[in-house]
1. Calculate, for the protein assembly as shown, the solvent-accessible area per residue in square angstrom, rolling a 1.4 angstrom probe over the heavy atoms of the protein chains.
2. Could you tell me which residue out of A:Ala186, B:Val172, A:His118 lies farthest along the dipole of the protein assembly as shown toward its positive end? Charges go on the beta carbon: Lys and Arg +1, Asp and Glu -1, centred on the Cα centre.
3. How do B:Ser90, A:Ser43 rank by accessible surface area computed with a 1.4 Å probe, from largest to smallest?
4. Convert 10 °C to kelvin, take the viscosity as 1.306 mPa s, use the Kirkwood radius over C-alpha pairs of region B:26-170 as Rh, and evaluate the Stokes-Einstein diffusion coefficient in µm²/s, rounded to a whole number.
5. If a/c stays under 1.5 just call it rounded; otherwise compare a/b with b/c (prolate if a/b is bigger, oblate if not). Do that for region A:91-201, with a ≥ b ≥ c from the square roots of the Cα gyration tensor eigenvalues.
6. Given a 1.4 angstrom probe, I'd like the percentage of the accessible area of the protein assembly as shown that is carbon and sulfur, rounded to a whole number.
7. Longest segment of chain A with no trypsin sites (Lys or Arg not before Pro) in a DSSP loop having at most 11 other Cβ atoms within 10 Å?
8. Below 30 Å, Cα to Cα, which lysines can A:Lys67 reach? Residues fewer than 8 away in the same chain don't count.
Protein chains: 2
Amino acid sequence: MTSQAADGPDMVAASRRSKITPEREREFFDAVLEQIRECGYDSVTMDGVAASTRCSKSTLYRQWKTKPQFVAAALRANRRVRFVGIDNGSLAEDLREVARAAGDWSRKDTKLLQALGHAVHSDAELAQALREALVEPEIAALQDILRRGVERGEVAEGHPALDYVPAMMFGVLRVRPVLTGEYADADYLVRFVEAVALPALGLT
Amino acid sequence: MTSQAADGPDMVAASRRSKITPEREREFFDAVLEQIRECGYDSVTMDGVAASTRCSKSTLYRQWKTKPQFVAAALRANRRVRFVGIDNGSLAEDLREVARAAGDWSRKDTKLLQALGHAVHSDAELAQALREALVEPEIAALQDILRRGVERGEVAEGHPALDYVPAMMFGVLRVRPVLTGEYADADYLVRFVEAVALPALGLT
DNA sequence: CTGTACCGATACGGCCGAGTACCGGTACAG
DNA sequence: CTGTACCGGTACTCGGCCGTATCGGTACAG
């Protein structure tokens with residue numbers, strides 16, 4: 001974002017300026033996200049990340065100017081497409097598979113969302129990175145699945161429950177630890193889909 | 001909880017030891033909870049609470065030993081029974097009224113739950129106070145409403161959706177700000193009840 | 001072989017918040 | 001009227017973390 005736009009013949013030299021390999025960078029990102037999950041955003045320190053990755057605080061500050069920028073970069077690097085390739089030809093089976101897939105990483109993502117939920121009020125860049133990394137890809141993928149169900153005629157277009165499927169899936173996912181202390185696992189989510197989501201959509 | 005158990009004739013004098021009236025105490029509690037909602041738990045300072053209530057930090061530390069104990073006391077004082085008196089003789093109408101009632105204070109309670117969600121990992125007393133103040137009363141009241149519906153025969157006992165009603169109500173309530181940036185209002189929640197909760201329970 | 005520039009380590013300045021100590025004012029008891 | 005004890009205000013210590021500066025080591029270029 002700073003000087004990577006150099007188009008001259010020194011671009012190779014410019015990319016050689018940092019000896020941080022992409023693998024090393026991912027170690028930094030994994031470390032800071034893990035510490036956020038464990039202790040919360042405010043309790044995470046740059047010293048702690050440096051110590052746990054055996055690098056120097058200087059190294060971190062050479063790459064990223066401030067702590068929120070560093071965390072935002074870690075979130076953006078963590079962004080990935082969810083629910084990819086879920087297309088079984090049946091909305092009910094697609095939703096069950098979403099539930100199974102969500103159960104796998106629900107613990108990590110829920111912790112992150114919980115820990116950063118209030119930090120985003122103080123840094124707009126952090127807020128946008130969080131949305132792009134953890135919220136929008138999942139919503140979009142879920143809406144794709146629902147749209148295909150509508151196109152196949154399984155659910156009538158404009159069905160009132162359609163608008164609430166993302167909210168109730170992520171709502172149940174996120175609120176489970178608060179209610180019972182346990183994180184939502186795949187089994188719990190699949191049963192939720194069968195007991196609530198499918199009946200609400202008019203699918204048996 | 002400390003010396004209020006004195007049974008001697010000096011109990012009047014003992015209760016007179018503190019010149020903090022219950023109304024004054026509630027000002028402290030309201031101030032700290034409001035600041036937590038605005039800035040998060042870690043950003044709230046005892047100096048800030050003292051300044052906003054025009055009292056001295058000494059006064060706060062004379063009554064409560066540490067910051068988490070002070071916050072826990074504020075939460076316990078804020079505990080109240082929710083959904084009280086909701087009993088219309090119809091489960092559908094009861095749930096609609098729950099949605100309307102929840103929309104009124106969802107903003108304040110959701111902010112509190114969000115702000116304290118990660119602070120509870122570092123203080124067990126705080127965690128229990130939060131559960132007793134904001135989670136358990138609402139769950140219990142909701143289950144009472146559901147139980148009456150079962151007793152009236154509106155829903156079969158053991159209906160699979162029954163277990164998920166509290167989770168999906170609070171889930172949708174809490175996750176709305178994350179998804180759209182807006183807090184859930186009464187209208188949104190009532191439509192959710194009609195589009196999802198009632199069909200899932202087999203009520204029209 | 002020599003220079004360059006990045007890395008890791010350490011130390012430091014500045015700031016801020018938790019919790020403590022002290023002091024004058026004042027309400028209430030007797 | 002006099003004493004007691006609590007309240008509010010201020011100043012203080014202590015510790016922690018952000019961000020910066022500095023220095024020796026080392027990998028790579030030419």
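1. On the way: 20690 Å² over 408 residues.
Result: 51 Å² of accessible area for each residue.
2. Result: A:His118.
3. So the residues, ranked largest to smallest area, are A:Ser43, B:Ser90.
4. Values: Rh = 16.9 Å.
The estimated diffusion coefficient comes to 94 µm²/s.
5. On the way: a/c = 2.32, a/b = 1.46, b/c = 1.59.
Oblate, since a/c reaches 1.5 and b/c is not below a/b.
6. For the protein assembly as shown, the apolar C and S fraction of the accessible surface comes to 50 percent.
7. With a cap of 11 other Cβ atoms within 10 Å, the longest stretch comes to A:81-151.
8. A:Lys19, A:Lys57, A:Lys108, A:Lys111, B:Lys67, B:Lys108, B:Lys111
The values are calculated or read from the model by the stated rules, or taken from the named source; none is laboratory data. Just so you know, these numbers come straight off a predicted model, no measurement behind them. Glycine also receives a Cβ, built like all others from the backbone with ideal geometry; neighbour counts cover every protein chain displayed. Heavy atoms of the whole protein, side chains included, go into the accessibility calculation; ligands, DNA and RNA do not. Shrake-Rupley method; radii C 1.70, N 1.55, O 1.52, S 1.80 Å.
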